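The values are calculated or read from the model by the stated rules, or taken from the named source; none is laboratory data. These numbers come from a predicted model, not from an experiment. Cβ sites come from the backbone with ideal geometry, for glycine too, and all protein chains shown count toward neighbours. To get the accessible areas, we keep the full protein, side chains included, count just its heavy atoms, and leave off ligands, DNA and RNA. Shrake-Rupley method; radii C 1.70, N 1.55, O 1.52, S 1.80 Å.
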Amino acid sequence: MRYYSTGEVSKKLNLSVRTLRYYDQIDLVTPSFKNDHGKRFYNDADVLKIEKVTILKSLQLPLKDIKKVLSQLTIEQLLSIHKQSLRQNIAELEQAVLHTNTLLNILKVEGDLQWEHLIPLVRKERSDEKEKGNWNKFFDEEEQNTLQEQLPKLEQDDKLINKWMNLLKRIDLCVAKNIGPESEEGKLIASDVLLLTDEMFAGNRELEEKFWRVRKSADKSELLNLYPIKKEVICFLEDAIYLFEQARE
């Protein structure tokens, strides 16, 4: 039978020596052999037991509870728990990717972000139920389903969200350079927005206008957890669309 020193187990399992000693002190995983100088040596069964503890810890179980159930677990149960842990890790990674896409898309428009701006963006301050309740204040269930399917989402990384981000950047540049909504650039922006809007709402003018009325309100947008649009951008866009549609009549 092979024995491993504390250092070897530490390297093998990527755990600190201090952690292994603590497991021994609380009788969670006691090494099978100690020499006359108190040096710890672990056999393969001990190493497997430590790996079980690591899996159970990944599920946020306290050590005192792990100690109670450790000897009762079958291999099938342990594998099932490990599978559950892996799925949780995948879900967390997928959520992290969505958060990162959100920040990248905002950065494309804002051009810069401060650390204090990142905190509320990555911290989910509203529960899903509360957010859904807010949407119920403005839209019926059918409208919500349509908006859920059609609206561009900051966490996505696709052509639609990139088109909207580019439009907002173009409007920002116009405002910064004092280029008015009556300009050629203003007309092109209005045309692009109307094309995208028709595509997004599939010609449903009533829902389009209803959503835009909500979207123009900073308070309502915040309630729905939507990216805030600057007031000057909204004014430019409204004027550009009005002038563009007047010219077409």
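Quick test of your reading of the structure: Met1 fulfils all but one of (1) without any contact (Cβ under 8 Å) to a residue 12 or more places away in the chain; (2) more than 29 Å from Gln88 (Cβ to Cβ); (3) of a type outside the set (S, T, N, Q); (4) in a loop (DSSP other than H, G, I, E, B). Name the failing condition by number.
Every condition holds for Met1 apart from (1).
Just one of Val97, Val53 is over 26 Å from Val9 (Cβ atoms) and aliphatic (A, V, I, L, M); which is it?
Details: Val53 fails: over 26 Å from Val9 (Cβ atoms).
None of the others qualify; the one that does is Val97.
Quick check on the stretch 154-161. Is at least one of its residues in contact with a helix residue (DSSP H, G or I) (Cβ under 8 Å, 6 or more places away or on another chain) and among the basic types (Lys, Arg)?
no
Given (1) open to solvent by less than 50 Å² (accessible area, probe 1.4 Å); (2) modelled with pLDDT under 85; (3) polar (S, T, N, Q), identify the lone condition not met by Asn225.
Of everything listed in (1) open to solvent by less than 50 Å² (accessible area, probe 1.4 Å); (2) modelled with pLDDT under 85; (3) polar (S, T, N, Q), Asn225 misses just condition (1).
Spot the failing condition for Lys187; the list is (1) open to solvent by 50 Å² or more (accessible area, probe 1.4 Å); (2) outside any helix (DSSP H, G or I); (3) touching a residue at least 24 places away in the same chain (Cβ under 8 Å), and only one is missed.
Looking at each condition in turn, Lys187 falls short on (2).
Hey, can you tell me all the residues within the stretch 240-249 that are modelled with pLDDT of 90 or more and open to solvent by 80 Å² or more (accessible area, probe 1.4 Å)?
Tyr242
Looking at the stretch 195-205 only, could you name the residues that are within 15 Å of Pro152 (Cα to Cα) and either among the polar types (S, T, N, Q) or open to solvent by 20 Å² or more (accessible area, probe 1.4 Å) (or both)?
Residues of the stretch 195-205 that are within 15 Å of Pro152 (Cα to Cα), as a first pass: 195-202.
Matches in the stretch 195-205: Leu195, Thr197, Asp198, Glu199, Ala202.
For residues in the stretch 190-229 being in contact (Cβ under 8 Å) with a residue 12 or more places away in the chain and in a loop (DSSP other than H, G, I, E, B), which is nearest to Ile106 (Cα to Cα)? Spell out the reasoning first.
Here is the first cut: in the stretch 190-229, the ones in contact (Cβ under 8 Å) with a residue 12 or more places away in the chain are 190-194, 196, 200-202, 204, 207, 210-211, 214-216, 218, 220, 223-225, 227, 229.
Next, from what is left, pick out any that are in a loop (DSSP other than H, G, I, E, B): 202, 204, 216, 224-225, 227, 229.
Details: Ala202: 26, Asn204: 28, Lys216: 18, Leu224: 17, Asn225: 14, Tyr227: 8, Ile229: 11 Å.
Top of the filtered list is Tyr227.
Just to be sure I understand, how many residues within the stretch 127-177 are closer than 20 Å to Leu194 by Cβ and either modelled with pLDDT of 85 or more or surrounded by 11 or more Cβ atoms within 10 Å (Cβ to Cβ) (or both)?
Result for the stretch 127-177: 21.
Can you run down the residue pairs with Cβ atoms below 7 Å, 6 or more apart or on separate chains, where the first is in the stretch 58-83 and farther than 14 Å from Val29 by Cα and the partner is among the hydroxyl-bearing types (Ser, Thr, Tyr) and surrounded by 15 or more Cβ atoms within 10 Å (Cβ to Cβ)?
Note: pairs meeting the criteria are Ser58/Ser85; Leu59/Ser85.
Kindly indicate whether Thr30 is within 19 Å of Tyr3 (Cα to Cα), in a loop (DSSP other than H, G, I, E, B) and of a type in the set (S, T, N, Q). I'd like the intermediate steps shown before the answer.
Working: within 19 Å of Tyr3 (Cα to Cα): yes; in a loop (DSSP other than H, G, I, E, B): yes; of a type in the set (S, T, N, Q): yes.
In short, yes.
If Lys57 passes every condition in (1) touching a Leu at 6+ places or on another chain (Cβ under 9 Å); (2) surrounded by 15 or more Cβ atoms within 10 Å (Cβ to Cβ) but one, which one does it miss?
(2)
Restricting to the stretch 230-239, and then to whatever is open to solvent by 30 Å² or more (accessible area, probe 1.4 Å) and not in a loop (DSSP other than H, G, I, E, B), can you tell me which residue is nearest to His99 (Cα to Cα)?
Lys231
Let's see how each residue does on (1) of a type outside the set (Asp, Glu); (2) farther than 25 Å from Ser85 by Cα; (3) open to solvent by less than 60 Å² (accessible area, probe 1.4 Å):
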position: Met1; (1), (2), (3): yes, yes, no
position: Gly7; (1), (2), (3): yes, yes, yes
position: Leu13; (1), (2), (3): yes, no, yes
position: Lys34; (1), (2), (3): yes, yes, no
position: Asp44; (1), (2), (3): no, no, no
position: Lys49; (1), (2), (3): yes, no, no
